[in-house]
Amino acid sequence: MKNINKYALLMALLVLAACKVSKDVQTPQADLPAAFRNATTTDTTSIADIPWKSFFTDTELQKLIDSAIVRNYDMQLAVKNIEASQLVVKQVKWNYVPTVGLNVTASSSRPSDNSLNGLSLSQFGVGTKHIEDYSANLALSWEADIWGKIRNQNRAALAAYLQTTEARKAVQTTLVSSVSQGYYTLLMLDAQLQTAQNNVKLNDSTLRIIKLQFDAGQVTSLAVQQAEAQQQSAAQLVPQFEQNIALQENALRILTGALPDKVERSKTLNDIAFADNLSAGLPTGLVSRRPDVKSSELALAVANANVGINQAQMYPALRITAQGGINSFKASNWFNVPASLFGIVSGSLITPLLNHKEFKTNYEVAKVNREKTVIQFRQTVLNAVGEVSNALVRIDKLKEQQDIAANRVAVLQKATSNANQLFKNGMANYLEVITAQGNVLQSELTLATIKTQRLNAVAELYRSLGGGWK
């Protein structure tokens, strides 16, 4: 009775001690501002809460994004990582279950006549010089989870699984943003190609007039040469933009997991527009929306679990083993029940001695890694806030640039029209016409570039806020 009380007291002390093992570090409070820099609205809702199909409404773009989510190879790898993590989570749950093995053995040995077994055989006159042993038994082994090692293994596996789901979300948010930006770049190249082709036609008309004036002796050959150079400069842009369009189409198709081919477009660059005041919401929403921030938070759970696992390695392990089955020295009596039945139950308390220093080092390293995880979490949050702020300022300043560029295009288009009329009436020289046409070409190309940069900044804002995985 006293021994039972001692064992009960020992188990109670072990359980109490286990409660003190591996105290978790809580997720640190992220250092967040009250509002994003350059935010133009105080609305607490965020565009990231809008499903991507409702945010990007172009039907052809939606088809491309759908294809990328299903067929992109990075996305497929992320899904496979989830499947692997699911298998690990299911397997770790079995760590609580005792291990059971079936052992069936049959042996025959011939001991030396001068050995203890050989002399015993001779002394007792068993009539044989062989020792036979036949056994069939079930062996059970179970380790009590006193220090929470198995519990922490389960926690680590579950957190790692959740990290893979967040990684898949991160891949999807990046894909949605990248595909939309690639599509907008394609629309920009279409617009620039159209601008170059229109300018070539305009230059052709100017060149014909100058040639007529040259034939009439009104201008020199220099005028013809300069007009031809201007026309060829604009014409050179056409195959350049056609090449860029083909390359962009190929890149976009590969991004969507398809072979290089033509990409359908249902709208032009001027047809795409977003609201001027896009709501970014509050910075606190980043922690719950952005997959990379959530993944960093889950990494802390993994780090906490690893600290617990490594600390448990330093403490004694209580193992209970049992064997039961049938055993006989003769094959004829092997299954003679109950005479051949046997059973063994034992308990052991194993504590590390020589390798305690190694376990201690692993424990200290795990604690350092946990501190690194906290730092990485804070860095991830800081980078997220920075990305949102950068996207907001780009959208704001690109809007101003777009307005200025649009006004400049309008002025230069009017100037080009006036120059052509004056030139036809002999009130302006050919240099003024060529200069006006060159200026309007560059200004229209620049306007298309700025429009695309602003659209890309909107897509980047959507991604940086954590939008795209819903």
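Values quoted throughout were computed directly from the atomic coordinates according to the rules given, and no laboratory measurement underlies them. Not measured: the values here are computed from a predicted model. Virtual Cβ from ideal backbone geometry, glycine too; neighbours counted across all protein chains shown.
So here's what we get for this one:
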| item | result |
| --- | --- |
| Within straight-line cross-link reach of Lys451, lysines at Cα separation under 29 Å, skipping those fewer than 8 residues along the same chain | Lys53, Lys63, Lys169, Lys201, Lys262, Lys267, Lys397, Lys399, Lys414, Lys470 |
| Rough spin-label spacing in nm, given labels placed 7 Å along Cα→Cβ, for Gln29 and Arg208 | 7.6 nm |
| Ranking of Ser417, Ser389 by count of other Cβ atoms within 10 Å, fewest first | Ser417, Ser389 |
| Lys, Arg +1 and Asp, Glu -1 on Cβ, resulting dipole of the chain about Cα centre, debye, nearest 20 | 1540 debye |
| Calculated [θ] (222 nm, deg cm²/dmol) that DSSP helices of n ≥ 4 give over the chain, each run adding -39,500 (n - 2.57) | -22500 deg cm²/dmol |
| Amide N of the stretch 65-92 lying under 14 Å from the label point, which is placed 7 angstrom from the Cα of Ser141 along Cα→Cβ | none |
| Furthest towards positive pole of dipole, Ile375, Ser332, Ala34, structure part the chain, Cβ charges | Ser332 |
| Sorted by Cβ neighbour density within 10 Å, fewest at the top, the residues Tyr73, Tyr315, Tyr183 | Tyr73, Tyr315, Tyr183 |
| Proximal aspartates and glutamates relative to Lys80, as straight alpha-carbon distance under 19 Å, when same-chain residues fewer than 8 apart are discounted | Asp66, Glu166, Asp292 |
| Signed unit charges on C-beta, dipole axis of the chain, positive-most listed residue Gly343, Ser141, Leu193 | Gly343 |
| Karplus (6.51, -1.76, 1.60) ³J(HN,Hα), θ = phi - 60°, over the stretch 347-361, in Hz, Gly and Pro reported as x | x, 9, 10, 10, 10, x, 10, 5, 9, 5, 4, 5, 5, 5, 5 |
| Acute angle (nearest 10 degrees) that the helix 149-215 long axis makes with the longest principal axis of the chain, alpha-carbon atoms | 20 degrees |
| Check: the stretch 35-183 dipole with +1 on Lys, Arg Cβ and -1 on Asp, Glu Cβ, in debye | 80 debye |
| Rg and Dmax of the chain, Cα atoms only, in Å | 39.0, 140 |
| Proxy reagent accessibility, fewest Cβ within 10 Å first, across Trp142, Trp469, Trp147, Trp94 | Trp94, Trp142, Trp469, Trp147 |
| The chain: relative contact order as a whole-number percent, Cα under 8 Å and 6+ apart | 28 percent |
| Nearby aspartates and glutamates by direct alpha-carbon distance to Lys372 (threshold 13 angstrom, same-chain neighbours under 8 apart not counted) | Glu297, Glu364 |
| Part-to-part distance (alpha-carbon centres) for the stretch 241-273 and the stretch 87-117, which is given in Å | 64 Å |
